[in-house]
Amino acid sequence: MTNRIDQRFAALVRQGRTALIPFVAAGDPDPGWTTDIMHALVGAGADLLEIGVPFSDPTADGPVIQAASERAISRGVSTKRVLEIVREFRQKDPDTPVVLMGYLNPIERYGHAEFARDAAESGVDGILMVDCPPEEMAHLRGCLDEEGIYPICLVAPTTTPMRMDVIARQARGYLYYVSFKGITGANRLDESSLAGPVKELRTHSDLPLAVGFGIKGPESAAAVAGLADGVVIGSALIERLENAQSSSDACAGASAFLAPIREAMDNSRP
């Protein structure tokens, strides 16, 4: 079976559109709302979904996502609960790709083979671990391959051309380019500085290229959409959802946040 990520990017190429990839932390603001928020994001124009797996020491994340992860953990959201959320989402949406984003430790504790099996059964399409370089994921990669789950790899501004080759050989689905050195949620994105790195990275891989970190709203998303195959936006969305008082409130906020970004991205393409 073809992975949903491949199917979605192929469809976007035919449509001449850039993927909009929102990130939300599973279980925040409330574990019972996450599935509804995911559906609302798709309804507002999301093409793929990145779902954060709560972890107690999210070293690559800024204060917004750290706080969201802490809130989810305090409400009992485990890795197993995240997979249940994806399974609930799949009951109504069999097509939208779902990528879990997080850290290696929870998967180590779960067990590589067990995690890959349960993730595939839940409907997960890809895994992005910010603290697991290609050299350290050989066994896990074998388990993911067996279940048809893609390893999504990160590339940073400091990544050398030789290192890009190593990462490109490991990656599947798409590459995630971190637009600047630092943590998520920082406000330092300079869209004009992306053209060179994006061009260089495309010489190392034919995979679609998504850009994240520092994208706050329609203007920055539209600028990045002109260069990349996907735009990832997370911290700004989580801030929008943080004070929601109900599932319907959260869903309305998610839709109101994402719809203008989708429109701006579509209008930025020739």
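Rule-based calculations on the coordinates, nothing more; no lab input. If you're wondering where the values come from, they're calculated on a predicted model, not measured in any experiment. Glycine also receives a Cβ, built like all others from the backbone with ideal geometry; neighbour counts cover every protein chain displayed.
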- Task: Subtracting the Cα-Cα distance from 0.36 nm times the residue separation, let me have the gained length for residue 93 to residue 147 in nm, one decimal.
- Result: 17.5 nm
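With each run of n ≥ 4 DSSP H residues scored as -39500 (n - 2.57), what mean residue ellipticity at 222 nm is computed for the chain after dividing by its residue count and rounding to the nearest 500 deg cm²/dmol?
Details: 12 runs with 129 residues, N = 270.
Estimated from H runs of four or more residues: -14500 deg cm²/dmol.
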- Once phi is turned into θ = phi - 60°, what whole-Hz ³J(HN,Hα) does the Karplus curve with 6.51, -1.76 and 1.60 give for every residue of the range 117-131, x standing for Gly and Pro? 5, 5, 5, 5, 5, 7, x, 7, 10, x, 10, 10, 10, 6, 10
- Query: What full-extension length gain, to one decimal in nm, is calculated for residue 245 and residue 263 as 0.36 nm per residue of separation minus the Cα-Cα distance?
  - Reply: 3.8 nm
- Dipole of the range 4-268, positive direction: furthest Cα of 152, 34, 107, with charges on the beta-carbon: 152
- Query: Once amide H atoms are placed 1.01 Å from N in the peptide plane, what residues at a sequence separation of 5 or more from residue 233, or on another chain, have their amide H within under 5 Å of its amide H?
  - Reply: 21, 23
- Task: Give the share of C-alpha pairs in each 5 angstrom bin for the range 53-120, from 0 to the last occupied bin, in whole percents, shortest bins first.
- Result: 3, 16, 25, 24, 18, 12, 2
- Note on the structure: Simple SL model, points at 7 angstrom along Cα→Cβ for residue 80 and residue 108; separation in nm is 2.1 nm
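Scale the Cα Rg of the chain by the rule-of-thumb value 2.2 N^0.38 Å and send over the ratio, two decimals. Before the final figure, lay out the partial values.
Working: Rg = 16.9 Å, N = 270, 2.2 N^0.38 = 18.5 Å.
Compared with the compact-globule rule of thumb, the chain sits at 0.92.
Work out the length of the dipole vector of the chain about its Cα centre, built from +1 on the beta-carbon of each Lys and Arg and -1 on the beta-carbon of each Asp and Glu, and round it to the nearest 20 debye.
Computed charge dipole of the chain: roughly 400 debye.
Student exercise: in the range 4-268, how many lysine pairs 8 or more apart or on different chains have Cα atoms under 24 Å apart?
On the way: 80/92; 181/199; 181/216; 199/216.
Close lysine pairs found across the range 4-268: 4.
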- Going residue by residue through the range 88-104, the Karplus relation 6.51 cos²θ - 1.76 cosθ + 1.60 with θ = phi - 60° gives ³J(HN,Hα) values, rounded to whole Hz and with x marking Gly or Pro, of 5, 4, 5, 4, 10, 9, x, 10, 5, x, 10, 10, 8, 10, x, 10, 5
- Plugging the Cβ-Cβ distance of residue 165 and residue 252 into 1/(1 + (r/R0)^6) at R0 = 35 Å yields, to the nearest 0.05, a FRET efficiency of 0.20
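Sorted by mean Cβ packing within 10 Å, highest first, what order do the peptides 79-89, 237-247, 95-105, 159-169 take? Walk me through the intermediate numbers first.
Working: 79-89: 20.0, 237-247: 16.5, 95-105: 21.5, 159-169: 14.0.
For the peptides 79-89, 237-247, 95-105, 159-169, the packing ranking is 95-105, 79-89, 237-247, 159-169.
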- What shape does the range 117-270 have by the C-alpha gyration tensor, where a ≥ b ≥ c are the square roots of the eigenvalues, rounded means a/c under 1.5, and otherwise prolate means a/b greater than b/c and oblate the rest? oblate
- Message: Whole-Hz ³J(HN,Hα) for each residue in the range 148-165, computed from phi via Karplus 6.51 cos²θ - 1.76 cosθ + 1.60 with θ = phi - 60°, x for glycine and proline: what do you get?
- Response: x, 9, 8, x, 9, 10, 8, 10, 10, x, 8, 5, 7, x, 5, 5, 4, 4
